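Worksheet: one structure, shown below.
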Amino acid sequence: MPTSDYPVQPVPFTAVRVTGGFWQARQEVNRTVTVPFALKQCEDSGRLKNFDLAAETLRRRAAGEPTFQNKPVTIYPFDDSDVFKVIEGAAFALSMRRDAALEARLDGWIARIAAAQEPDGYLYTFRTMHPDSPAQEWIDPQRWLKDPDLSHELYNIGHMYEAGVAYFQATGKRALLDVCLKSAELVWRDFGDGKLRIAPGHQVIEMGLAKLYRVTGERRYLDLAKIFLEARGPGGKLYSQQHLAVADQDEAVGHAVRANYMYSGMADVAALAGDARYIVAIDRIWNNMAGKKLYLTGGVGALHNGEMYGAAYELPNDAYNETCAAIALMMWNHRMFLLTGDAKYMDVLERTCYNGFISGVSLSGDRFFYTNPLVYDGSAKNNFGGAGRAAWFGCACCPPNVLRTLADLTGYFYAVRDDSLYVNFYAQSEGSAVVRGRTVQLTQATDYPWSGKVRLTVSPDQPAKFTLRLRIPGWAQGRPVPTDLYGYDDATPGTWTVKVDGAPVRGALEKGYVGITREWKAGDVVELDLPMPVRAVHSHPQAAALRELVAFERGPVVYCVEGKVGESMPVDLTAPAVKTVAPEERKEWLGGVVVLTTGESVTPAFTAIPYFAWDNRGLAPMAVWLKREK
Ligand code: FUB
Ligand code: ZN
């Protein structure tokens, strides 16, 4: 156990299982469709073959062919990382449900990965298979030297560390973890003790090292994470957050995935190594992001050029909003919550989760969005070169990232600090948490996010006094986000209620939670009712692209209008007055959703679908923000 850690501890995803409803449907498709689909894509695209080619070069050179080398069969030197992310996601799925065939297939993959590791621990197929001259201009003849730019050597192994830990935790098998430890020892020899000083060009190894530290207790791995963070700035590239020392950064800038992974890594190091400077910095950066750069859908990274964060209030509707950036934002917000116990971070996480994250995968589980814009003209090739959802990408970072995020999503549901049990997600589920040594069973019955009624049964193994903290989402308090970037036209707080065993509970919110302190006994029932009126949203006046526009949301779900396949959207499409729009359940639509509609009585009839569900019925124009009625 680390000596210092997050003050709030997440309840592990393995302790919580969705039993129906929205997330159970998505997780089931993830397990049965996306996992096998992604495995096949990695194999068919040659990503696994790269490991074999690297192993062959090692073997044949060792056997006396000193000039033998192979050429990579895929495009990008970071293609190794997709394999690691798929293993990690599949491992999460295995943690929930063992599957001998899947495990055997992954064992085979891991043997191929291990065979591609050089004797001193170095693992990077693009160099190993082709060692005499770089097979790609992003790679320097010497190891690591172009990592601050684009080689992605440290990025790849960062993802491998995460996969190695996940597979070990799922199966108890050490093969991949041992490859990781051999790699980490090399990284220590090359970078530890103040040797080579390099700021990774693409962050993620910081989080990977923190996980290795947690699982082994080896302090040098945590030290390495800090060494990589401290290697930044001033004078380096802003694109990869190398422009300033991390403790001096105050704005969310540069490549959005790199940025959000780094802020997450800083949170890990702050928690595990007790560095308060990092907390001050990521708090400042978070305020900048949530106050000036966050899309209503919870996406970030406005710019197509460089996949980057834009300037303050630069929120064009044809946003880039990479799916990976949304996922990384969820990681960062979760860590901010674990540092502070403040619900505002989980509010942002929830917004991203139900909108700009889950939009990244089709309902069928085998088509993906790399970009998640808030407007679409019906034909633009904006999805990494293609129009509409794609089966895979040459640069395939997003699909495996969706896969792994869905597979361990229940890790976001609950958390514990001392005698407080935090309930962050509302979903039909069963779980258990340990609070002050008592095991508490938690059963949720709800149709969230379509209904705000939640029935939570709390059953400690013995009567126990603790505080149950229920998150009252910002949207239920009349606030879409915890900043002034967006607001509801009618900001009247919802009349939410909480009852315990039928008796109403009142009390001021603390950091966004209603706390209920009592002696809990098996079978106690908490009823939460979060009214979900349709809300009209406006943006901050400085967000020029959104001026005089309106968007609709209900509960945590943001809505969009989707036009007809093959037709363009009327340019003057005007939103109806919010009072004329009502929710309507459509069980037969899009896997079962609530739409917002004026009904047929109004001409022309207006119907909006959840944003995440667009482009599941054919490629058509789409818009989240609409003109305001005069
Ligand atoms: O550079 C590796 C990954 O590819 C990044 O995270 C994505 O944004 C894409 O550029
Ligand atoms: Zn991506």
Ignoring ligands, DNA and RNA, what percent of the accessible area of region 422-559 is carbon or sulfur (1.4 Å)?
-> 48
Points 7 angstrom from Cα along the Cβ direction at residue 441 and residue 75: gap in nanometres?
-> 5.2
Using a 1.4 angstrom probe on heavy atoms only, work out the carbon and sulfur share of the accessible area of region 255-411 in %.
-> 53
Ignoring ligands and nucleic acids, what accessible area does residue 268 show with a 1.4 Å probe (Å², nearest 10)?
-> 10
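Given a cut-off of under 8 Å on Cα pairs at least six residues apart, what relative contact order in percent is computed for the chain?
The value is 13 percent.
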Taking only the alpha carbons of region 521-610, what extent do you get along each of the three principal axes, in Å, biggest first?
-> 58, 38, 24
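Before anything else, pin down the relative contact order of region 19-198: Cα pairs under 8 Å, at least 6 apart, normalised by residue count, whole percent. Display every interim value, and only then the final one.
On the way: 221 pairs, mean separation 46.0, N = 180.
Relative contact order of region 19-198: 26 percent.
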Taking Cα atoms only, Rg over Rh for region 218-294 with Rh from the Kirkwood formula is 0.96
Skip the ligands, DNA and RNA, and give the accessible area per residue of the chain with a 1.4 Å probe, whole Å².
-> 36
Once you've got the Cα coordinates, tell me which of 292/630; 381/564; 579/627; 146/182 are over 20 Å apart.
-> 292/630; 146/182
Counting alpha carbon pairs within less than 8 Å and at least 6 residues apart, what relative contact order, in whole percent, applies to region 218-294?
-> 27
If the label point is 7 Å along Cα→Cβ of residue 97, which residues in region 21-45 have backbone nitrogen under 17 Å from it?
-> 21-39
For region 126-138, just list the computed ³J(HN,Hα) in residue order, Karplus coefficients 6.51, -1.76 and 1.60, θ = phi - 60°, integers in Hz, with x standing in for Gly and Pro.
-> 5, 8, 5, 6, 9, x, 6, 9, x, 7, 7, 5, 6
Just for the chain, what percent of DSSP beta bridges are antiparallel, to the closest 5?
-> 95
Exposure of residue 521 as accessible area (Å², to 10), given a probe of 1.4 Å and all protein chains = 100
For region 19-198, alpha-carbon Rg relative to the globular expectation (2.2 N^0.38 Å, N residues) | 1.08
May I ask for the percentage of alpha-carbon pairs in region 407-496 that lie more than 18 Å from each other?
-> 52
Report the percentage of all Cα-Cα pairs in the chain whose separation exceeds 41 Å, rounded to a whole percent.
-> 24
Relative packing of peptides 460-466, 120-126 - highest average C-beta neighbours within 10 Å first = 120-126, 460-466
Sorting 110, 279 on solvent-accessible surface, 1.4 Å probe, most exposed first, gives 279, 110
Qualifying lysines (Cα of each under 19 Å from Cα of residue 499; at least 8 residues distant if same chain) | 453, 465, 521
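Heavy atoms only, probe 1.4 Å: what % of the accessible area of region 23-89 goes to carbon and sulfur, would you let me know? The partial results should precede the final answer.
Working: 1450 of 2630 Å².
Carbon-and-sulfur percentage of accessible area, whole number: 55.
Report, please, the projected area of region 369-428 averaged over directions, based on the convex hull of its C-alpha atoms, in nm².
6.4
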Is the shape of region 1-90 rounded, prolate or oblate, going by the alpha carbon gyration tensor and its root eigenvalues a ≥ b ≥ c, with a/c under 1.5 for rounded and a/b larger than b/c for prolate?
-> oblate
Select from the chain the helices, each a whole stretch of DSSP H, whose alpha-carbon atoms run 20 Å or more along the helix axis and whose Kyte-Doolittle mean is at least -0.5; answer none if there are none.
-> 79-96, 100-115, 153-171, 175-191, 256-273, 276-292, 323-340
Virtual paramagnetic centre 7 Å along Cα→Cβ of residue 24, amide N under 16 Å, in region 430-451 | 430-432, 442-451
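The values are calculated or read from the model by the stated rules, or taken from the named source; none is laboratory data. Everything numeric here is computed off the predicted structure, so don't read it as measured data. For neighbour counting, all protein chains shown are included, and Cβ atoms are generated from backbone atoms with ideal geometry for every residue, glycine included. Areas reflect the complete protein model, heavy atoms only, side chains present, ligands, DNA and RNA absent. Shrake-Rupley method; radii C 1.70, N 1.55, O 1.52, S 1.80 Å.
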